[in-house]
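Heads up, the thing below is written out as structure tokens.
The values are calculated or read from the model by the stated rules, or taken from the named source; none is laboratory data. In this text, all values refer to a predicted model and were calculated from it rather than measured experimentally. Cβ atoms come from the backbone with ideal geometry, glycine included; neighbour counts cover every protein chain shown.
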Amino acid sequence: MTAHLPFQPDRILVTRTDRIGDLLVSTPVFKALRERFPKAWIGAVIFQENRELLEGNPYLDEVILYDKKGSEKNALGHLAFALRLRKKNYQAVIHLHATHRMHQAAFLAGIPVRIGWARKSPALLTHAIPDVKSEGLRHEAEYNFELLKILGVDLPQVLELYAPNLPKHEASLAELTAALGMSPERPWILINPSSSCPSKMWPASKFAKLISAMEKKYSAAVGLIGGPRDRALARRILEEAGSLKAFDLTGRLSLGTLSCLIRKAALLVSNDSGPVHLASAAGTPVVSIFGRNQPGLSPVRWRPLGGKSRYLWKDIGCRPCLAHHCRIQFLCLDVISVEDVLEAAESAASLPSRSAVSGDSGR
């Protein structure tokens, strides 16, 4: 049994300085804290580049941005951040992701209750919880709640992710889609061919075949999404697909605008990456493709949540999995076929058949 704090904090801070998907699967924590402490001031520390993901979150009073790549990059900037944090008088902090920097900052800020995973400067925590996440026995969103037990916060029956849907992002999306000639009346199928690691990327040639098959089969506009670094990949895929109808949206969308686009989409097909969890939050059907078989990186821990979510993963028996050091050209990804993805897509979403639509112009 976990012992609860002898007092109820009225100023609570949550830190999650990590990637897009990691932050998104942490958003159920904010709602749970608000329900447990309805009058508390609740804040979150996140990377500056992820700021749009928490815009408009109704369960937060404050979002504090950490600029690791800029003003907080060096030791003096980091110390200045900790001193600014001290002035906010938080009484408890929950570090959902273990980092030396956040553990140090909360310690230097004098926050009396510091809860986190017992790794990366655990001596700076007042409550260090054994980190068993690498076992991959539960979803990451569920693991987060192990840290909240000491605050008397239970795991909700339903984990609801939050993604922004603000008018200013809607306006930006409308402007972009009008400029590109994307009809708002047509259903959109979004494709995310990139990810943070090669061991998570389904072959580009298969994405090309998938796009070609979808354009022939469905009366829907296909759009590729990704960051500025993914532009070359997107061009290569579209050239190989021989597509003159698909829209290349890589590098054109902020996180807030991407969230609005995914919310409107009929389907997202993606590698194991942040947009998958945006789709889960928005209730958009999603097919997520997995490769690696380490328990801590598996679909059990990182699958998309929600009834309209599907994932594909095939265990080819690699023990141990070498991840990005793979010596067999990521066979675990290559064995997933285009047909597998199409079958999962039809299971997740209702897509209009091209043969059932007359006068389809393709755009």
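Numbers below:
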quantity	calculated
Residue list for region 5-17, filter: crowded, with 18+ Cβ neighbours inside 10 Å and either under 18 Å from residue 272 (Cβ atoms) or touching a helix residue (DSSP H, G or I) at 6+ places or on another chain (Cβ under 7 Å) (or both)	12, 14, 15, 16, 17
Odd one out for residue 90, checked against (1) under 30 Å from residue 292 (Cα atoms); (2) touching a Gly at 6+ places or on another chain (Cβ under 8 Å); (3) buried (at least 22 other Cβ atoms within 10 Å of the Cβ)	(1)
Every residue from region 27-61 that is among the aromatic types (Phe, Trp, Tyr) and either over 22 Å from the mean Cα position of the chain (by Cα) or in the same structural domain as residue 259 (by TED's automatic domain parsing) (or both)	37, 41
Residue list for region 221-272, filter: among the β-branched types (Val, Ile, Thr) and within 22 Å of residue 308 (Cα to Cα)	222, 225, 257, 262, 269
Residue list for region 275-289, restricted to those being touching a Pro at 6+ places or on another chain (Cβ under 6 Å) and surrounded by fewer than 24 Cβ atoms within 10 Å (Cβ to Cβ)	none
So residue 175, is it surrounded by 20 or more Cβ atoms within 10 Å (Cβ to Cβ), assigned by TED's automatic domain parsing to the domain that holds residue 322 and among the charged types (D, E, K, R)	no
Candidates 256, 307 - the one that is over 23 Å from residue 209 (Cβ atoms) and crowded, with 21+ Cβ neighbours inside 10 Å	256
Wholly enclosed helices (runs of 4 or more DSSP H) of region 14-89 bearing at least 2 residues under 29 Å from residue 302 (Cα atoms)	20-24, 28-36
